[in-house]
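Single-structure report; data block below.
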């Protein structure tokens, strides 16, 4: 059954109501950041190239003809098409920035500065403006102008060196480095808004994909501190804890399980394996020993599980208070009972009709996250320009010129 927790009114104030964000964005990192801001009530004006828009619109056509990445990262925004190289585009940007609280950009290195959109240039005219620059490697250093895509940063940060099987490294199945940079940009913008509330001044935020991902690599880096061996690639298993990972069961499926301490090991041996004599077995009576002898331990576990179904294994694991999970497919996640029972799905609009969307994970008791339409390319261009004071005739001329 759905959760019975009382929801706040749909029109309850959101924390970023009244905040305007201008975003010169493409791909994932910046759009993911600004979608979080839109979720919290900010007005996000997404500036896109006329005719083609954010190139993430063309990644695939998996969502009723729309791109999966784009649907995920761009709801609740307004799309303004604008040729930034057109001589009148700077006037439009100037009017937008007069009303803006935040400018986010992840253009090619140096592109924003060449257009006069660096923080140093803008802060003189807009002292309350917060400027967030998202890049692969950041300003300065030999890598400043190096191209940076998610997989390349996963590689450069060392993530691939500890992920995958002993034979083959593997990338994350989602845009991990983009997500990391986007979330650090989002949280940093929130802190910059708080700071502006105290000082009255804007600030510049410099976020890089490399540094965001390296921060997430803290455990394997410290594990390999001072020249020590790094954690080995262990596939879906844990590199330094055993047993911890997926195990096949008799019905052809798999169960993921993990142990954290010796109390759980004793319970696992007794209740799950039915072999209490293993508790004090000299090969397995400490975690580091279980890691050293993980192949032998795996044989013991798989032998027991081979006679059981997944439901029976999970029943034993639950009885022993051993953490476990199903190895779910994407179809399984769409139908996940916990998400259904907690009513975590809603519907959003798009140019191709209604689409399902996950409610943002951090639920606040005082307001509902904004969950509005995924914009069509240039859908709001005319309305935005009208609000900025442009006449219908000017808008028509700009349309004919290809500026919008």
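Tell me the mean residue ellipticity at 222 nm calculated for the chain from its helices only (DSSP H runs of n ≥ 4, each -39500 (n - 2.57), averaged over every residue, nearest 500).
Helix-only estimate at 222 nm: -10000 deg cm²/dmol.
Over the alpha carbons of the range 1-62, what is the largest minus smallest coordinate on each principal axis, giving the biggest first in Å?
44, 32, 19
Just the ratio, please: alpha-carbon radius of gyration of the range 124-177 over 2.2 N^0.38 Å, N its number of residues.
Working: Rg = 16.0 Å, N = 54, 2.2 N^0.38 = 10.0 Å.
Rg over 2.2 N^0.38 Å, computed on Cα atoms: 1.60.
For a quick size check, give me the Cα extents of the chain along its three principal axes, largest first, whole Å.
So the three principal-axis extents are 84, 53, 42 Å.
Convex hull volume of the Cα atoms in the range 115-252, per residue, in Å³?
Normalising the Cα hull of the range 115-252 by residue number yields 180 Å³.
What per residue convex hull volume, in Å³, comes out for the range 252-299 when only alpha-carbon positions are used?
Measuring per residue, one finds 85 Å³ for the Cα hull of the range 252-299.
Can you give the Rg to Rh ratio for the range 1-127, taking only C-alpha atoms and Rh from Kirkwood? Don't skip to the answer; put the middle values down first.
On the way: Rg = 16.6 Å, Rh = 16.1 Å.
The Rg/Rh ratio comes out at 1.03.
Sorting check: for 195-208, 89-102, 274-287, which peptide has the highest mean count of neighbouring beta carbons within 10 Å, and how do the rest follow?
Top to bottom by mean Cβ count within 10 Å: 89-102, 195-208, 274-287.
Working out 0.36 nm times the residue gap between residue 393 and residue 224, then minus their Cα-Cα distance, what length gain in nm do you get to one decimal? Show your work: numbers first, answer last.
Numbers: separation 169, 0.36 × 169 = 60.84 nm, distance 6.46 nm.
Computed gain between residue 393 and residue 224 is 54.4 nm.
By how many degrees, between 0 and 90 and to the nearest 10, does the Cα long axis of helix 89-98 differ from the longest principal axis of the chain?
Helix 89-98 sits roughly 70 degrees off the main axis of the chain.
Report the Cα centroid-to-centroid distance between the range 302-380 and the range 114-165 in angstrom, as an integer.
Cα centroid to Cα centroid, the span is 32 Å.
Hey, any idea what Rg/Rh is for the range 244-326, computing Rh the Kirkwood way over Cα pairs?
On the Cα set of the range 244-326, Rg over Rh gives 0.93.
What's the angle, to the nearest 10 degrees (0 to 90), between helix 392-401's Cα axis and the longest principal axis of the chain?
Tilt relative to the chain: about 70 degrees.
Working from the alpha-carbon coordinates of the range 168-211, get Rg over Rh, Rh being the Kirkwood radius. It would help to have the intermediate numbers written out before the result.
Working: Rg = 14.6 Å, Rh = 12.1 Å.
Rg/Rh for the range 168-211 comes to 1.20.
Enter the angle in degrees (range 0 to 90, nearest 10) between the Cα long axis of helix 310-319 and the first principal axis of the Cα atoms of the chain, meaning the one along which they spread out most.
On a 0 to 90 degree scale, this one is about 80.
How many nm separate the modelled label positions at residue 315 and residue 165, each set 7 Å beyond the Cα in the direction of the Cβ?
3.4 nm
Every read-out reported here was derived from the displayed coordinates using simple, explicitly stated rules and does not represent laboratory data. Quick caveat: nothing in here was measured; it's all calculated off a predicted structure. Counting neighbours? That spans all protein chains shown, and the Cβs are built from the backbone with ideal geometry, glycine included.
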